[in-house]
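Scroll down for the structure; my scribbles are underneath it.
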Amino acid sequence: MKPMRGLFVVGTDTGVGKTIVTAALTAALRAENRNVGIWKPVQSGNLLGSGATDAERLLQYTGLNEQPETVATFTFEAPLAPLQAAKQAGVTFTLQELRHAGEHLLHRYESLLIEGAGGAAVPLTDESLMAGFMAELRVPALIVARSGLGTINHTLLTISYLRQHGVSILGFILNQGEPVDLNADPSAATNAMWIERYSGIPFLGRFPYLQNEINTAALIDAARESIRLETIQQALSNFKELRGKSYDDKSK
Ligand SMILES: Nc1ncnc2c1ncn2[C@@H]1O[C@H](COP(=O)(O)OP(=O)(O)OP(=O)(O)O)[C@@H](O)[C@H]1O
Ligand SMILES: [Mg+2]
């Protein structure tokens, strides 16, 4: 199976800022004339039409002209992991069916930023967790993690788990989902350095807390100021070469 053209944005947990960061990266890359699309294979917790689903938020934040049901292959109402939410809705799907939906979407884009659900070890089908799906897509991972205390542990565990599943890792982004107070949490100043040191995975930036309205312009500015966009652009252009490189080999 050929690698899918894209990057898989995987979180260290639910609610760490995958949607915000995915939207910001997509909007910033599109502003550089890169025809990047977005894909949320499975979402749960809200129904389409509510405006609260990730697909609808991604479209709102990026201004991309797509239907939410095309961006999100499956949407389930229950606030559960994809597998459990699907079971509750009486729906089953396979990794191959999901992959085909992504490939169909990819016809209109040069590459896709793919937002996972929760983290790497979240149940997706009866046989597979999210990391298994990422391996099946053969797409590199971009990890989004919290910036504060606890993130070294969560990020290193995620890196180790993805490596076990043979998923290449481009880098990690620390997202400031809340205002940072270095007095209350001095770890925020050095977490990235420790994660890089222990894993060898490149730090691609600290996405800032956005205290004002979150809109496309604010997301583009924040991404340009905080993220190593050229590394992400390069990965999206040279996705085949990336798989041959040793981004994730340093600790072996
Ligand atoms: N940098 C930020 N600045 C301001 N608010 C943020 C930031 N990052 C995240 N948030 C807010 O925190 C909440 C969780 O973020 P987000 O929805 O992006 O997380 P997620 O990892 O995509 O969650 P899920 O697992 O549900 O997909 C949202 O309300 C979002 O608006
Ligand atoms: Mg999300």
Item checked: Some residue of region 171-186 being open to solvent by less than 10 Å² (accessible area, probe 1.4 Å) and either more than 19 Å from the chain's Cα centre (by Cα) or more than 28 Å from Glu213 (Cα to Cα) (or both) -> no
Check: Which of the residues belonging to region 141-159 are crowded, with 23+ Cβ neighbours inside 10 Å and outside any loop (DSSP other than H, G, I, E, B)?
Finding: Ala141, Leu142, Ile143, Val144, Ala145, Thr151, Thr155, Thr158, Ile159
Checklist line | Residue, nearest to ligand 2 (Cβ to nearest atom), within region 1-11, restricted to residues that are within 23 Å of His107 (Cβ to Cβ) and touching a strand residue (DSSP E or B) at 6+ places or on another chain (Cβ under 8 Å) | finding: Val9
Note to self: Being touching a Gly at 6+ places or on another chain (Cβ under 6 Å) and under 29 Å from Ala31 (Cβ atoms) is true for just one of Val71, Val139. Which residue is that?
What the structure shows: Val139
Note to self: Out of the residues in region 121-140 meeting the condition of being assigned to a loop (DSSP other than H, G, I, E, B) and open to solvent by less than 10 Å² (accessible area, probe 1.4 Å), tell me which one is farthest from ligand 2 (Cβ to nearest atom).
What the structure shows: Pro140
Check: Does region 57-66 contain at least one residue that is within 12 Å of ligand 2 (Cβ to nearest atom) and charged (D, E, K, R)?
Finding: yes
Notebook entry, point to check: When you scan region 1-101 for strands (runs of 3 or more DSSP E) that lie fully inside it, which ones turn up with 2 or more residues that are of a type outside the set (Lys, Arg), touching a residue at least 24 places away in the same chain (Cβ under 8 Å) and more than 16 Å from ligand 1 (Cβ to nearest atom)?
Noted result: 36-44
Note to self: Quick check on Thr14: is it under 15 Å from Met130 (Cα atoms), open to solvent by 30 Å² or more (accessible area, probe 1.4 Å) and within 16 Å of ligand 2 (Cβ to nearest atom)?
What the structure shows: yes
Notebook entry, point to check: Inside region 62-75, can you point out the residues that are touching a Ser or Thr at 6+ places or on another chain (Cβ under 8 Å) and surrounded by 22 or more Cβ atoms within 10 Å (Cβ to Cβ)?
Noted result: Thr62, Ala72, Thr75
Notebook entry, point to check: Leu83: more than 25 Å from Leu204 (Cα to Cα), more than 16 Å from ligand 2 (Cβ to nearest atom) and open to solvent by less than 60 Å² (accessible area, probe 1.4 Å), yes or no?
Noted result: yes
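For every residue, the table says whether it meets (1) closer than 18 Å to Ile232 by Cβ; (2) not β-branched (Val, Ile, Thr).
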site	(1), (2)
Ser147	no, yes
Leu156	no, yes
Ile159	yes, no
Leu162	yes, yes
Gly171	yes, yes
Gly177	no, yes
Ser187	no, yes
Trp194	no, yes
Tyr198	no, yes
Notebook entry, point to check: Could you count how many residues in region 17-50 are away from ligand 2 (no atom under 16 Å from the Cβ), open to solvent by less than 10 Å² (accessible area, probe 1.4 Å) and in contact with a Phe, Trp or Tyr (Cβ under 8 Å, 6 or more places away or on another chain)?
Noted result: 2
Next item on the list: Identify the single condition in (1) under 18 Å from Ile214 (Cβ atoms); (2) more than 11 Å from the chain's Cα centre (by Cα); (3) open to solvent by less than 30 Å² (accessible area, probe 1.4 Å) that Met4 does not satisfy, given that it satisfies every other one.
Entry: (1)
Checklist line | Single unsatisfied condition, Thr125 versus (1) within 16 Å of ligand 1 (Cβ to nearest atom); (2) more than 16 Å from the chain's Cα centre (by Cα) | finding: (1)
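The values are calculated or read from the model by the stated rules, or taken from the named source; none is laboratory data. Note that this is a predicted model, so its numbers are computed, not measured. Cβ: placed from backbone, ideal geometry, glycine included. Neighbour counts: every protein chain shown. In case anyone asks, the SASA skips ligands and DNA or RNA and just uses the protein heavy atoms, side chains included. Shrake-Rupley method; radii C 1.70, N 1.55, O 1.52, S 1.80 Å.
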